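Q: Sharing a structure here in C-alpha cells format.
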Amino acid sequence: MDRKSQVASVDRVFNFSPGPAVLPVEVLQRARDEMLSLPGVGISVLEISHRSPPFDRILEETLHDLRALLGIGADHELVFLQGGASLQFSMVPMNLLRGQPGPADYVITGTWGQTGAKEARREGRVNVAWDGASTNYDHLPTTGEITLSPDAAYVHVTSNETIQGVQWKHDPDLGSATLVCDCSSDFLSRPVDVAKYGLIYACAQKNAGIAGVTAVIIRKDLLDRSRDDLPSMLDYRTHVKNGSRSNTPPVFAIYILGLVCQWIRDQMGGLEGMARHNATKAGLLYEVLDRSAGFYVGHAKPECRSDMNVTFRLADESLDKAFVAGAAAHRLVDLKGHRSVGGIRASIYNAMPLEGVTTLRDYMIDFQKKHGG
Ligand SMILES: Cc1ncc(COP(=O)(O)O)c(C=O)c1O
C-alpha cells in the first residue's frame with residue numbers, strides 16, 4: 001500500500017497545528033506495531049523500566065543518532081530534560097547568568113523571545129539587544145542594529161518564531177558572545193553549526209516527536225558556571241552527570257524522538273534533505289502569497305520568512321472564517337493564526353507531506369478566485 005492510500009485508509013486529515021504537530025506516518029506505524037511488545041522484549045515501551053537494558057539501548061541510540069544528525073562534537077553534551085522549552089527559559093539564566101558580572105543579552109524577534117527575556121529578568125540583569133515589537137515582529141534585525149553588551153553572560157536568540165513566522169536563515173553571527181538559541185520550532189528541520197553555540201534547546205513536539213522531552217545541547221565549559229545553590233534538578237550538571245536519567249525520564253517521548261531521528265536519516269536524506277524538502281514546501285505557499293496581488297498578505301518580510309510557520313492574513317479580514325471553514329472541508333485543519341497576529345498560520349513542519357502543502361496551495365488559489373481576488 002502506498003503512503004497515500006495508507007493515510008486515506010485511517011482517515012487522516014492534513015494537520016497544520018503549530019504543535020503538538022503532525023508526525024511521520026512511518027513513525028506512527030512503527031510505534032503502533034511495537035506498542036504491545038517491543039521486538040525481542042515482550043513488553044510495551046510504555047511499560048519498561050527506565051533502567052532496563054531495552055531502554056538503555058533506546059536512549060543510547062537516540063542520543064547517538066541525534067548527535068550524528070546534528071554533527072554534535074565532543075565539546076558539547078546532549079541531555080534530554082522535561083518541563084518543555086518553557087523550563088529552559090528559566091534554567092538558562094539560572095545556570096548561565098546567576099553570579100555572572102554582565103547581563104544576558106536578548107534579541108527579541110517574537111513572542112517566544114519575549115517570554116524568554118521575561119523569565120530571565122527574574123534571575124538577573126537582562127539587556128534587550130533588539131526588539132521587533134514595534135512592527136509586531138515581522139522581521140529580523142541586521143547585525144548593526146543589535147546592541148550587545150561587552151560583558152554579556154550570553155546572547156539569546158530564537159531561531160524560528162513560531163507565532164510570527166520569522167526565521168533566521170543562517171546561524172546568527174554575533175561575534176564572540178556565548179550564543180544561546182531556542183530552536184524549538186525548527187529543530188531538526190535543517191543543518192545547524194552546533195560548534196557556534198554555547199547552548200541550544202528545543203522541545204520535541206514540533207519537528208522531533210511528541211511533548212514531554214526537551215533536548216539541551218550545552219558546551220562543556222559552560223557547565224562550570226552553574227552554582228551549587230541551584231536546586232539539583234534545575235542544574236544542568238545533574239542531568240549530564242546522570243546521563244539524562246537523574247529521575248524517571250519521559251521514556252515514550254524519547255523512544256518517539258529516536259524513531260523520528262531514524263526517519264530523517266533513512267528516509268529524508270538527513271538534515272540536508274530535510275531542509276530541501278522544507279524549503280520546497282514553504283516556497284509553494286509563499287509563491288501563492290506573492291502572486292495574489294494583495295489578496296493574501298504575508299506577515300513576515302520576505303527575507304526572513306519561516307519555512308516552518310507560514311503566517312498571512314486575508315486583506316479582507318471578514319473572509320478569515322470562511323477561509324478556515326472551507327479549508328477544513330478540504331481536510332486542511334488547524335490553520336487559524338495565533339490571536340496576537342491574527343489571520344492564518346500554516347505550520348508545515350518536517351512531517352507535513354508535500355501533498356498537504358499542494359492541497360493547501362490549490363485551495364488558496366481557488367478561494368481567491370471564488371472571492372473576487
Ligand atoms: C519557539 C518556542 N519556544 C518555546 C516554546 C514553548 O514550548 P513548551 O510548550 O514545550 O514549553 C514554544 C512552543 O510553541 C515555541 O514555539
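Here, each number is a calculation from the coordinates, and none is a lab measurement. Remember, predicted model here, so these are calculated numbers, not experimental data. Here the Cβ positions follow ideal geometry from the backbone for every residue, glycine too, while neighbour counts run over all protein chains shown.
Q: Could you give the spread of the C-alpha atoms of region 295-373 along their three principal axes, from largest to smallest, in whole angstroms?
A: Sorted largest first, the three principal extents are 31, 26, 21 Å.
Q: Identify all lysines with a Cα-Cα distance to K370 below 30 Å; exclude those on the same chain that are fewer than 8 residues away in sequence.
A: The reachable lysines, counting only those whose Cα sits under 30 Å from K370, are K4, K281, K301, K321, K336.
Q: Jot down the radius of gyration and Dmax of region 89-192, Cα atoms only, both in angstrom.
A: 12.7, 36
Q: Hey, how many Å between the Cα centroid of region 255-312 and the Cα centroid of region 195-227?
A: After rounding, the separation between the Cα centres reads 23 Å.
Q: If I take R0 = 30 Å and measure r between the Cβ atoms of K369 and Q267 in this structure, what FRET efficiency does the formula 1/(1 + (r/R0)^6) give, to the nearest 0.05?
A: Values: r = 36 Å, r/R0 = 1.20.
Step by step, r from the Cβ atoms, then E = 0.25.
Q: Could you work out Rg/(2.2 N^0.38 Å) for region 147-193, with Rg from alpha carbons only? Don't skip to the answer; put the middle values down first.
A: Details: Rg = 11.5 Å, N = 47, 2.2 N^0.38 = 9.5 Å.
In units of the 2.2 N^0.38 Å rule of thumb, it is 1.21.
Q: How large, in Å, is region 228-373 by the Kirkwood hydrodynamic radius built from its alpha-carbon pairs? Present the calculation step by step, with values, prior to reporting the outcome.
A: Details: mean 1/r = 0.0560 Å⁻¹.
One decimal place: 17.9 Å for the Kirkwood radius.
Q: Continuing with this model, one more query. Students often check this: by mean Cβ neighbours within 10 Å, which of 179-189, 234-244 ranks highest, and how do the rest follow? Mind showing how you got there, number by number?
A: Values: 179-189: 26.9, 234-244: 18.1.
Packing proxy ranking, top to bottom: 179-189, 234-244.
Q: By how many nm would the segment from A74 to R339 lengthen if fully extended, with 0.36 nm per residue of separation less the alpha-carbon distance?
A: Details: separation 265, 0.36 × 265 = 95.40 nm, distance 4.24 nm.
Contour length minus the Cα-Cα distance gives 91.2 nm.
Q: Work out how far the C-alpha atoms of region 34-123 reach from end to end along every principal axis, then list the three figures in whole Å, largest first.
A: 53, 28, 26 Å, listed from the longest principal axis down.
Q: Where in region 65-95 is the amide nitrogen less than 13 Å from a point lying 7 Å along the Cα-to-Cβ axis of D221?
A: 75-76
Q: How far apart, in nm, are two points set 7 Å out from the Cα along the Cα-to-Cβ line at S86 and at T142?
A: It is 3.8 nm.
Q: Ok, one more. Kindly provide the Kirkwood hydrodynamic radius of region 134-228 in Å, to one decimal, from all pairs of distinct alpha carbon atoms.
A: About 14.6 Å for region 134-228.
Q: Mind putting together the pair-distance distribution for the chain? All Cα pairs, 10 Å bins, whole percent per bin, short to long.
A: 5, 24, 31, 25, 12, 3, 0
Q: With labels modelled as points extended 7 Å from the Cα through the Cβ direction, what inter-label distance (nm, one decimal) is found for D11 paired with T359?
A: 1.5
Q: Within region 35-87, report the trypsin sites (Lys or Arg not before Pro) that DSSP leaves as loop and that have at most 11 other Cβ atoms within 10 Å. Please report the intermediate quantities before stating the final value.
A: Details: sites: R51, R57, R67; in loops: R51.
Sites meeting the loop and neighbour criteria: R51.
Q: Right, another one. Relative contact order, percent, of the chain when contacts are C-alpha pairs under 8 Å separated by at least 6 residues? Could the numbers behind the result be given before it?
A: Working: 688 pairs, mean separation 81.6, N = 373.
Computed value for the chain: 22 percent relative contact order.
Q: Multiply the residue gap between A329 and S149 by 0.36 nm, knock off their C-alpha separation, and tell me the result in nm, one decimal place. Before the final figure, lay out the partial values.
A: Working: separation 180, 0.36 × 180 = 64.80 nm, distance 5.17 nm.
Additional length available on full extension: 59.6 nm.
Q: Using the beta-carbon distance between S134 and N242 and R0 = 56 Å, what value does 1/(1 + (r/R0)^6) give for FRET efficiency, to the nearest 0.05? Don't skip to the end; give the middle numbers.
A: Working: r = 45 Å, r/R0 = 0.80.
That pair, S134 with N242, gives E of 0.80.
Q: Report, ordered by chain and residue number, the aspartates and glutamates lying within cross-link reach of K369, taken as a straight Cα distance under 18 Å and ignoring same-chain residues fewer than 8 apart.
A: E287, D290, D316, E317, D320
Q: With runs of 4+ DSSP H residues as the only contributors, calculate the mean residue ellipticity of the chain at 222 nm using -39,500 (n - 2.57) per run, divided by the residue total and rounded to the nearest 500. Mind showing how you got there, number by number?
A: Numbers: 10 runs with 129 residues, N = 373.
That comes out to -11000 deg cm²/dmol.
Q: Calculate the FRET efficiency for L28 and R121 from the Cβ-Cβ distance with a Förster distance of 56 Å, rounded to the nearest 0.05.
A: On the way: r = 40 Å, r/R0 = 0.72.
Calculated value: 0.90.
Q: While we're here: Can you list the GluC sites (Glu not before Pro) in region 20-107 that are in a DSSP coil and have 15 or fewer other beta carbons within 10 angstrom? Walk me through the numbers on the way to the answer.
A: Working: sites: E26, E34, E47, E60, E61, E77; in loops: E34, E47.
For GluC sites (Glu not before Pro) across region 20-107 that sit outside H, G, I, E and B with at most 15 neighbouring Cβ atoms in 10 Å, the list reads E34, E47.
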